[in-house]
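Enquirer: I'd like to ask you about the structure that follows.
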Amino acid sequence: MTVWPLQSDLVAMRAIFGNPDANNDGAADPVWTRTHLTTIVPPYAMFYAGKPVRAITVNRGCSAALLAALTGIAKHYGTAAAIKAAGLDQFGGLYNFRVKRGNASSLSMHAYGVAIDLDPVHNPFRSAKFTMPAAVVKIFEDTGATWGGRWSPKSRDAMHFQWARTA
């Protein structure tokens, strides 16, 4: 299993994932976008706001881990109906150039393209009530991902998996 960098260690983060805002202008750096982002085709049907997801934009540094996790979900559940029943066909997003919630001085892991949100309706931010299946958590953690459902109540994010450690 890969040990991913600490999200607070910008040197380590940038060594693997690059610097999304290399010129420090508050926007995604176009050279970084071309060299560090790629797309994968999800191995099962996924939907964002009711529309089919044809490809997912992700950082090249963790694209194999993302594909392994999603393939693991497909194998574990076996059918589209079972995946849908678990809510795992509901994609909440991955790459999104933005700052962290509550910390305007740091980029979100979504800005690096190293964090995915799944089934946001049933796994809302900061909620003590969530439905993320333990098997899915294990599948992601087997790739070295960190699950936001393990975070403190004030920052809990059960829809969120990232390939950057918090501790």
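Enquirer: If you go through segment 9-36 one residue at a time, how many are free of Cβ contacts under 8 Å to residues at least 40 places away in the same chain, assigned to a loop (DSSP other than H, G, I, E, B), of a type outside the set (Asp, Glu) and surrounded by 11 or more Cβ atoms within 10 Å (Cβ to Cβ)?
Expert: 3
One line per residue, one yes/no per condition, for (1) aliphatic (A, V, I, L, M); (2) open to solvent by less than 30 Å² (accessible area, probe 1.4 Å); (3) out of contact with any strand residue (DSSP E or B) (no Cβ under 9 Å at 6 or more places or on another chain):
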{"site": "Ala81", "(1), (2), (3)": "yes, no, yes"}
{"site": "Leu88", "(1), (2), (3)": "yes, yes, no"}
{"site": "Phe97", "(1), (2), (3)": "no, no, no"}
{"site": "Ala115", "(1), (2), (3)": "yes, yes, no"}
{"site": "Leu118", "(1), (2), (3)": "yes, yes, no"}
{"site": "Phe125", "(1), (2), (3)": "no, no, no"}
{"site": "Val137", "(1), (2), (3)": "yes, yes, no"}
{"site": "Phe140", "(1), (2), (3)": "no, yes, no"}
{"site": "Met159", "(1), (2), (3)": "yes, yes, no"}
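Enquirer: Another question, then. Looking at (1) on the phi < 0 side of the Ramachandran plot; (2) among the charged types (D, E, K, R); (3) at pLDDT 95 or above, find the lone condition where Asp119 falls short.
Expert: (1)
Enquirer: From Val114, Val137, Val99, grab the single residue that is touching a residue at least 60 places away in the same chain (Cβ under 8 Å) and under 24 Å from Ser63 (Cα atoms).
Expert: One residue alone meets the criteria, Val114.
Enquirer: Of the residues Ala22, Ala28, which is in contact with a helix residue (DSSP H, G or I) (Cβ under 8 Å, 6 or more places away or on another chain) and modelled with pLDDT under 95?
Expert: Going through Ala22, Ala28 in turn, just one is in contact with a helix residue (DSSP H, G or I) (Cβ under 8 Å, 6 or more places away or on another chain) and modelled with pLDDT under 95: Ala22.
Enquirer: Continuing with this model, one more query. Examine segment 51-65 for a residue that is under 22 Å from Ser105 (Cβ atoms), part of a loop (DSSP other than H, G, I, E, B) and open to solvent by less than 60 Å² (accessible area, probe 1.4 Å), and state whether such a residue exists.
Expert: no
The values are calculated or read from the model by the stated rules, or taken from the named source; none is laboratory data. Keep in mind the model is a prediction, meaning the values are calculated, not measured. Neighbour counts are summed over all protein chains in view; Cβ atoms, including those assigned to glycine, are modelled from backbone coordinates with ideal geometry. With ligands, DNA and RNA removed, areas are computed over all heavy atoms of the protein, side chains included. Shrake-Rupley method; radii C 1.70, N 1.55, O 1.52, S 1.80 Å.
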